[in-house]
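Heads up: the structure comes next, in structure tokens.
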């Protein structure tokens, strides 16, 4: 007989993830583990996580740039098939901030860091170890 479990506090869980990985050294450690890299200088990493007040209540868990790569990491305890759409909105807002002092109408191409998206899942629903979610699935 299954005991009644209290409902998880998703906001609390997300805040712990954000709190830990908002520290450059921890974020770099996670990046190295995920990408099988060996960066050692946390100052090479620029954290640019969206905050509620800045972008009309749009908030992501952690985003940062290192070596011309824009990484957006989300921690989820429930499956969310809308994350590709959310990532599109996040990356558009991040690119807007990255290019705010650039001439978007000029003749010079503005270089952008390549986006890479990752969802870290720790919910109870059984999911494949790896799964690719596509924005085109919503069309």
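The values are calculated or read from the model by the stated rules, or taken from the named source; none is laboratory data. Note that the structure is predicted; figures quoted are calculated from it, not measured. We place every Cβ from the backbone using ideal geometry, glycine too, and count neighbours over all the protein chains shown.
Key figures for this structure:
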{"item": "Which numbered condition residue 115 fails, given (1) more than 26 Å from residue 37 (Cβ to Cβ); (2) modelled with pLDDT of 95 or more", "result": "(1)"}
{"item": "Leading residue by the ranking (modelled with the highest pLDDT) among those in the stretch 51-66 that are closer than 15 Å to residue 19 by Cβ and part of a loop (DSSP other than H, G, I, E, B)", "result": "61"}
{"item": "Counted residues, the stretch 28-41 - those being surrounded by 16 or more Cβ atoms within 10 Å (Cβ to Cβ) and over 18 Å from residue 122 (Cβ atoms)", "result": "2"}
{"item": "Subset tally (residues that are within 21 Å of residue 48 (Cβ to Cβ) and in a strand (DSSP E or B)) for the stretch 113-139", "result": "7"}
{"item": "Residue tally, condition within 14 Å of residue 31 (Cβ to Cβ) and either in contact with a strand residue (DSSP E or B) (Cβ under 7 Å, 6 or more places away or on another chain) or at pLDDT 95 or above (or both), over the stretch 67-112", "result": "6"}
{"item": "Residue under evaluation residue 46, criteria (1) at pLDDT 85 or above; (2) within 30 Å of residue 125 (Cα to Cα); (3) touching a strand residue (DSSP E or B) at 6+ places or on another chain (Cβ under 8 Å), criterion not met", "result": "(2)"}
{"item": "Members of the stretch 29-50 found to be in a loop (DSSP other than H, G, I, E, B) and over 22 Å from residue 95 (Cβ atoms), listed by number", "result": "36, 37, 38, 39, 40, 41"}
{"item": "Count of residues meeting criterion [surrounded by 11 or more Cβ atoms within 10 Å (Cβ to Cβ), closer than 29 Å to residue 78 by Cβ and either more than 16 Å from the chain's Cα centre (by Cα) or free of Cβ contacts under 8 Å to residues at least 40 places away in the same chain (or both)] in the stretch 91-126", "result": "5"}
{"item": "Residue satisfying all of: in the stretch 68-90; more than 16 Å from residue 134 (Cα to Cα) and in contact with a helix residue (DSSP H, G or I) (Cβ under 7 Å, 6 or more places away or on another chain); surrounded by the fewest Cβ atoms within 10 Å (Cβ to Cβ) among these", "result": "77"}
